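Here the structure comes first, spelled out in structure tokens, and everything after it is commentary.
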Amino acid sequence: MRLSSDSLLRDPVFRTVLLSGIFARFASAAMAVLLGFQVFAITGQPLDLGLLGLVEAIPGVGLVLYGGHVADRLRRRSILLVTSAGFTLLAAATAYLSFWWPHEVGPLFAVAFLLGLIRAFEDPAAVGLEAQVVPLHALVRGTAMLATTARLAGVLGPVLGGFLWSWAGPAGTYAVISLLFAASLVALLPVPDASQPPVQTDDRGMLTLIGEGVRTVLRDQLLLGSMMLDLFAVFFGGANALLPAIATEVLHTGPVGFGMLRSASAAGSMLAALSAARLLPERRAGAALLWVIGGFGVAIIVFGLSQWLWLSLIALFVAGVCDGLSVVIRRAILRLASPEGMRGRIAAVKSVFVGSSNELGAFESGLMASWLGVTAAVWSGGLMTIGIVGLTALLAPKLRQLDLVAMGARQSTEPTSSLGQANGEVTTQA
């Protein structure tokens, strides 16, 4: 079946991968934020929120490069089936722990560690599989569609998780999250292994292959610049880890208000992703990336200074819009600058730079909150983000001048995978 750029959803492989991702991201978004809410409800210490992020980051930093190596050597669909099963069992175990030991914080830190461990293998495989099912000519449209579903899950997951938490408590909420992870696994089953790229047979050692992926990123100004920019923006400007403390101590709202705050930025990101295919300046994508991340920093400053729920929601929504636009550009860069046989390893390097920055940023936020107070920790991070944007604009001229249209044209003669063709068509083997 040959598909045009307007018919992505008619491709059974793309549609199945998209549906599986919706379930998985919905469950992940809900579990991540509610785990932090539960820890803060037990201890009342902002530093514990930072420690929770650090515990989750440890296996992510330590194993994700190996996870990328595995994603380039084995079937990516098979890896995702295993990780989905792991998430399902872990969420079920968290429900059990929350029912029998509702005031014990130690097991929750163990859960965070295992979440990070599984994600070290899940993230590179997911990035590689998604790249296979999006045709090059529909890059922005397909990337925006994937980003939209991720943000939609981010919007609904925390809000409905907050309502469910109020009604069924933590044990019932984690049980539902476990079912969502199981649905992600079942949705991925129809994707045939035959449609995956050939398993890599390179005889070089594991460390050599991993090092090749790292060197590729370090030598490419687009990959390195976009990853570093996102790393420091999330590290300093991310405020999600402190939302339980802000909701409770600054805005004086409960779990429902907390869910609204957590979803405000995701709603903005979803709106941005929906409109990115039409509004994104592809020929000036690099400059747009710098501007939107700078706007993200400004919105975080406003959020840190706000004392009102409505203003905080607006600020987080604007931050989400900026983040959503940057996600589409960064995913397009990752797709265009990554050779097919190295997608897993390059995605793993990205996870070290960007994915783990969420957890390390959570630790930084908790530490700064313990020193400066919750609100000062947030708005000072926004200032740092703006400074990072200015520095990146000076040091990465190729990123500043990025033209996605021209870059995509240069890629049009590359060899194709079994799921996608670089000449603008997709052939599925379902």
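Quick notes
- For region 207-248, a residue qualifies if it is surrounded by 22 or more Cβ atoms within 10 Å (Cβ to Cβ) and without any contact (Cβ under 8 Å) to a residue 40 or more places away in the chain, and exactly one does: A247.
- Checked against the criterion of being surrounded by fewer than 21 Cβ atoms within 10 Å (Cβ to Cβ) and either more than 23 Å from F235 (Cα to Cα) or not aromatic (F, W, Y) (or both), the candidates G128, G50, G86, G67 yield just one match: G86.
- Residue in region 16-29 that is part of a helix (DSSP H, G or I) and more than 30 Å from A241 (Cα to Cα) present: yes
- Among the residues making up region 271-292, those that are farther than 24 Å from A393 by Cβ and either modelled with pLDDT of 75 or more or not aliphatic (A, V, I, L, M) (or both) are L271, S275, R278.
- Residue match in region 181-199 (condition: at pLDDT below 75, in a helix (DSSP H, G or I) and of a type in the set (A, V, I, L, M, F, W, C)): yes
- The residues of region 36-46 that are surrounded by 20 or more Cβ atoms within 10 Å (Cβ to Cβ) and either hydrophobic (A, V, I, L, M, F, W, C) or modelled with pLDDT of 85 or more (or both), listed by number, are F37, Q38, V39, F40.
- Close Cβ contacts (under 8 Å, 6 or more residues apart or on different chains) running from residues in region 166-195 that are over 19 Å from A30 (Cα atoms) and in contact (Cβ under 8 Å) with a residue 40 or more places away in the chain to residues that are outside any helix (DSSP H, G or I) and basic (K, R) comprise D193/R75.
- Those helices (runs of 4 or more DSSP H) of region 205-303 in which at least 1 residues are touching a Leu at 6+ places or on another chain (Cβ under 9 Å) and of a type in the set (V, I, T), considering only elements entirely within it, cover 206-219, 221-237.
The rows are residues; the columns are (1) of a type outside the set (G, A, S); (2) out of contact with any Asp or Glu (no Cβ under 6 Å at 6 or more places or on another chain); (3) farther than 30 Å from M206 by Cα.
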residue: G50; (1), (2), (3): no, yes, yes
residue: G62; (1), (2), (3): no, yes, no
residue: A71; (1), (2), (3): no, yes, no
residue: R76; (1), (2), (3): yes, yes, no
residue: I79; (1), (2), (3): yes, yes, no
residue: F87; (1), (2), (3): yes, yes, no
residue: L90; (1), (2), (3): yes, yes, no
residue: A93; (1), (2), (3): no, yes, yes
residue: A110; (1), (2), (3): no, yes, no
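- Against the numbered list (1) crowded, with 22+ Cβ neighbours inside 10 Å; (2) at pLDDT below 85, D6 comes up short only at (1).
- Condition met for L251 (in contact with a helix residue (DSSP H, G or I) (Cβ under 6 Å, 6 or more places away or on another chain), more than 20 Å from D403 (Cα to Cα), surrounded by fewer than 17 Cβ atoms within 10 Å (Cβ to Cβ) and at pLDDT 80 or above): no
- Hey, M407 in contact with a Gly (Cβ under 7 Å, 6 or more places away or on another chain), within 25 Å of L8 (Cβ to Cβ), modelled with pLDDT under 80 and not polar (S, T, N, Q) or not: no
- When P102 is tested against (1) under 26 Å from R141 (Cβ atoms); (2) of a type outside the set (D, E); (3) outside any helix (DSSP H, G or I), just one condition goes unmet, and that condition is (1).
The values are calculated or read from the model by the stated rules, or taken from the named source; none is laboratory data. Just so you know, these numbers come straight off a predicted model, no measurement behind them. Ideal geometry is used to build each Cβ from the backbone, glycine not excepted, and the neighbour counts take in all protein chains shown.
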